[in-house]
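The values are calculated or read from the model by the stated rules, or taken from the named source; none is laboratory data. Quick caveat: nothing in here was measured; it's all calculated off a predicted structure. Every residue, glycine among them, receives a Cβ derived from its backbone with ideal geometry; neighbour counts consider all protein chains shown.
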Amino acid sequence: MDANEAVVLLVEDDADDAKLITRALKKTTLPARVEVARSGGEAVAYICGAPPFDNRARFPLPVLVILDLKMPGVDGYEVLKMIRAGRALHDVPVVVLTAVRDAFSVSRTYELGASVYFVKPAAGRGFAEVVREIENYWLASQEEGEE
Amino acid sequence: MSATSKSEAIRVLYMEDDAGLARLLKKKLEREGYVVDVAADGREGLEMVEDSSYDVLLVDHKMPVHSGLEVIRILGWHGRLPPTIMVTGGGNEKVAVKAMKLGAADYVVKDAEGGFLELLPLVVDQVLSQARLVEEKRRAEEELRASEERYRTLTENIPVGLYRTSIAGGGRVISANQAFAKMFGYDGVGELADEPVVDYYVEPEDRTLFIEKVKAEGEVNNYELRLKHRDGYAFWGSISARAICGADGELAFLDGAVRDITERKRVEAELCESEERYRALFDRSLDWVYVHDFEGDFIDANAAALDALGYEKSELSSLNFTSLLTDDKIPLALETAKEIRETGFQKGVTEYRLRRKDGTFIYVETKASVICHDGEPYAIQGIARDITERKRTEEELRVTRDELEERVKERTAELTATLMKLGESEAKYRSVVEQTQDGIVIIQDGSVKFINRPFAQRLGCGPADMEGRDFTDFVAPSARQELADRHRRRMAGEDGPSVYESLLLRCDGHEVPVEIGVATVQYEGYPAALAVVRDLTERREQEKIVREQRWILENVLNNMSELVYIVDPDTYEVLFTNETAAEALGPELAGQPCYRAIWGLEAPCHACELERVFTGERDTYTREAFNEKSGRWLRVNAKAVPWLDGAQVCCAVATDISESKELEEEIVAHNRALNRTVRERTAALQGKNRELESFAYSVSHDLRAPLRSIEGFSRALLDDYGDRFDAEGRDFLGRIVNGAVRMDRLINDLLTYSRLGRGGVAYEVVDMNELAAAAVEELAESIKAQGAYVGVARPLPVVEGDRSLLLVVLRNLLGNAIKYRRREVPPEVKITWSEEPDKVVFAVADNGIGLDMKYQNKVFDIFQRLHPEDEYPGTGIGLASAKKVVEAHGGRIWYESEPGKGATFYFELPRKRVEGDDGGG
């Protein structure tokens, strides 16, 4: 485990979706290591470095967050608020990937500081496409960062 | 000795045939101042004498044609011989003598020396003066004669009796003229001698007195006394006489003149009487009579004038009319006085405002004229009338004068017209009498003397049958006695009613009610009754009808269930109520104010309808109110109606609406409950909808997640481990993926379908061209893939509807048209439309596979498909969605098709909005 290894934090409560998204991510140039938080609460613990994620060396802060909104307990909005509140992850790209698609949620998400909003694909399309979009966005933001 | 002045130049005519001598003589005489004409011979001389007059003729004897002697003779015959001097040759004295015998005045002898020339003027002079003397003498004699004549005529013809009488005894007439004799009735003076003078006096003493007077005064003039005519009657005479005394100085004779002054006396008496009358008039006249001089000073005024002005008679003399006048009128008065003085009378009348003694003013109207004394105007007399009162009313009159004038004009016109009519002949008059509908009857001595034809006919007879008969024959038995009495009394001169009703009898026995107007007239010299008879049958009929109508009306009024009452809008007084009102509100309502009588209030109602009705805001005014007095709810309809005298009153009809009021209240309460229920239900429904929405949402959301898994992992299997499966295995996995995909689509469509229209139809103006373009845009991929053509024949219209919902319809119909293509034919889709008065019908026509008409209903059901999924993909929700949307707009959707020949799907959208759930969800 390399402390300098870039981590993508995937916050997703649905196990199947998590597996499928992870699989799709592997096929991109996005950082290979994907940490999955199975709930909002877990996500918050990771970001705060609370146990079991208190070893920062083992669990470094992510360079990209992929965030679902609809989660039991602490939902995606909370997590997003928390991410943007702290200094550490203030500028980190947060990609919201959710089945929710209504205008209100979208605008609220952006208000809270999400970087980009993607809708989970309907059955028959697979995550490959949307993940490719995420890759594009990531690459673009990297370029911006370098400039 | 020479001639006189030029104006009296003596004219001389010298007849001399010796021209030279003539000239000489002429010169000589002219030097002496005579005017001389020369005639060459006797004839010329005669002619010249004929033409003009000469004072002197100088005639030569020896002349041609006529000698001088002849000339003298001729002229002498004609009496035209002026003073003539014969001029003769010497030694011809005989001629001269002859000439003188013939009338010449003198002669001159022509001596050879011409000395006669010197003589001639002298002779002429002499002759002339002689002639003059003769002339004068003649004239004097003439005058004397004339004077004698005149004197005689005078004394004989003078109407004054002249006389000389003696004194002694009774006196005797010594001499008298004809007039004297005539005066006393004698034919001539000769008859007078015997009568003693005293007998000419009516009173013998008068003579004695008269003589005394003459003796005393020597001369008495105009002594008036009564004298006796020969025939015995007395007459008035006026005597003037002078005393003639004898040698002894005693009175011997009376010379005098006596005048018959009877006429004069009579005139004087008349004058006196007239003066009396005048005086009486003057004094007693109510009008003022006054006399003033030309300066305006009053001379006399009658009692009326003095009284009116407040002056005493004694003050009159110091009064001048200018002191009575107001200053502005003084010039006019003086002007008028001048006019009267000059013309003798005043033109028209003058009005003055006079000041009475006490300072008050009166108005008078005056007219004056001049009065003369001995033919000379000496004063102005006037008559004045007090017009103060008149002046006062003049103003009032002026106001009504025009009115009156108008009326007079009208009346005059009427009158003129009437007069003109009347002025027509008797035949026309008769025709009026004969054509009037009223009967005109003349009854004298109880029998019918005249009856006009129309009325006779009305009684069923001819006039001839009726005239002469007893009038009571035509009077109904019940009325006979009364009319006979009336007639008798009328003929006796008694007063009685002149208009009255009665009953007549027709010849056929029917009775006729009539109205009779009677007057007493003179008919053919004797009193008679003139009756104008009016048949009242019709009137009775009318009265009967009116009575019936009234009875009906009263019946209706009093039996109707509504209250009717009439109110005076000014006094609120109730003028009339029907029985229904009386029953409901109590008796004795009339006369009370309506607010008390009807409503039991002490002051007018707040919402008083009277004002509204009468300010003309509306024709009728309706008010519903609870009436305390009757305990009922009333609906009052008030309306302005004309009343008996033409003024407007308020007529109110009040209906008892107590029952309907209760009903109303029930309905209101019911409605309220209903509304409440509706609100509750709607709220509940809305709640349910929301529930449903979130339910559907979460269901679909939750249902789709596992599908993602199924599909995702199956695909992953295929991708990552596909090579470990055989074809069949791979096929199975594929089917699993398909199944998941299909399910996801179904759920999605179901969600969409259920959402459709839940938000209601948001009506807006939708341009269907733009919408079609949007739908085509959405289907771009499949259009391209299928090589389809979508077109519009003519621009689509604009409609009212929900844009997003209508897009669903177009998308689905266009999508189907492209999808259900014939393999061998590229799809061609045409959108058309047509218009109907209340809707627009759109048609989407394709050239695809078409379908049987028997599936009209089935095809629009949800999830109903006519083809397997692998041939034509789809969930079977498209048409159901379209139908849902179209029907939500109030329209219809249907199709026409033949299998293999394409299909045309129609949908209509009504022009007007559908009344439905318009918002709020």
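In segment A:9-117, counting only strands (runs of 3 or more DSSP E) that sit wholly within it, the ones holding 1 or more residues that are within 15 Å of the chain's Cα centre (by Cα) and within 14 Å of chain B (Cβ to nearest Cβ) span A:94-98. Among residues that are among the β-branched types (Val, Ile, Thr), over 60 Å from the mean Cα position of the chain (by Cα) and either surrounded by fewer than 20 Cβ atoms within 10 Å (Cβ to Cβ) or away from chain A (no Cβ under 14 Å) (or both), B:VAL790 is included.
So that you can scan it fast, the table gives a plain yes or no per residue for (1) touching a Gly at 6+ places or on another chain (Cβ under 9 Å); (2) surrounded by fewer than 19 Cβ atoms within 10 Å (Cβ to Cβ); (3) over 25 Å from B:ILE747 (Cβ atoms):
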site	(1), (2), (3)
A:ILE47	yes, no, yes
A:ASP54	no, yes, yes
A:LEU69	yes, no, no
A:VAL74	yes, yes, yes
A:LYS81	yes, yes, yes
A:ARG87	no, yes, yes
A:LYS120	no, no, no
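Quick check on segment B:320-330. Is at least one of its residues in contact with a helix residue (DSSP H, G or I) (Cβ under 8 Å, 6 or more places away or on another chain), assigned to a helix (DSSP H, G or I) and not hydrophobic (A, V, I, L, M, F, W, C)? Yes, segment B:320-330 has at least one match.
A:PHE53 meets the conditions (1) farther than 24 Å from A:VAL130 by Cβ; (2) in contact (Cβ under 8 Å) with a residue 24 or more places away in the chain in every case but one. The failed one is (2).
Applying the criterion of being charged (D, E, K, R) and part of a helix (DSSP H, G or I) to the residues of segment A:118-139, the residue that is nearest to the other protein chains (Cβ to nearest Cβ) is A:GLU129. Checking each residue in segment B:713-746 for being more than 24 Å from B:GLY874 (Cβ to Cβ), within 12 Å of chain A (Cβ to nearest Cβ) and of a type outside the set (D, E, K, R) picks out B:PHE713, B:ALA716, B:LEU717, B:LEU718. Pairing residues of segment B:684-712 that are more than 8 Å from every other protein chain (Cβ to nearest Cβ) and over 12 Å from B:SER754 (Cβ atoms) with residues that are exposed (fewer than 15 other Cβ atoms within 10 Å of the Cβ) and modelled with pLDDT under 80, at Cβ distances under 7 Å and at least 6 apart in sequence or on separate chains, gives B:GLN686/B:GLY921. The residues of segment B:456-473 that are more than 21 Å from B:VAL518 (Cα to Cα) and not in a helix (DSSP H, G or I), listed by number, are B:GLY460, B:CYS461, B:GLY462.
I'd like to know if segment B:532-545 contains one or more residues that are among the β-branched types (Val, Ile, Thr), surrounded by 13 or more Cβ atoms within 10 Å (Cβ to Cβ), in contact (Cβ under 8 Å) with a residue 60 or more places away in the chain and in contact with a Gly (Cβ under 9 Å, 6 or more places away or on another chain). Looking through segment B:532-545, at least one residue is among the β-branched types (Val, Ile, Thr), surrounded by 13 or more Cβ atoms within 10 Å (Cβ to Cβ), in contact (Cβ under 8 Å) with a residue 60 or more places away in the chain and in contact with a Gly (Cβ under 9 Å, 6 or more places away or on another chain).
Annotation: B:ASN221 fulfils all but one of (1) part of a strand (DSSP E or B); (2) modelled with pLDDT under 85; (3) out of contact with any helix residue (DSSP H, G or I) (no Cβ under 7 Å at 6 or more places or on another chain); the unmet one is (2).
Conditions (1) farther than 20 Å from B:GLU554 by Cα; (2) modelled with pLDDT under 85; (3) not hydrophobic (A, V, I, L, M, F, W, C), marked per residue:
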| residue | (1), (2), (3) |
| --- | --- |
| B:ALA603 | yes, yes, no |
| B:LEU610 | yes, yes, no |
| B:TYR621 | yes, yes, yes |
| B:ARG635 | yes, no, yes |
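Among the residues of segment B:360-388, those identified as under 44 Å from the mean Cα position of the chain (by Cα) and either over 23 Å from B:ASP283 (Cβ atoms) or among the basic types (Lys, Arg) (or both) are B:THR360, B:PHE361, B:TYR363, B:LYS367, B:ARG385. A count restricted to segment B:171-190 and to residues that are surrounded by 14 or more Cβ atoms within 10 Å (Cβ to Cβ) and part of a helix (DSSP H, G or I) stands at 7. The set of residues from segment B:266-315 being at pLDDT below 80 and among the aromatic types (Phe, Trp, Tyr) comprises B:TYR278, B:PHE282.
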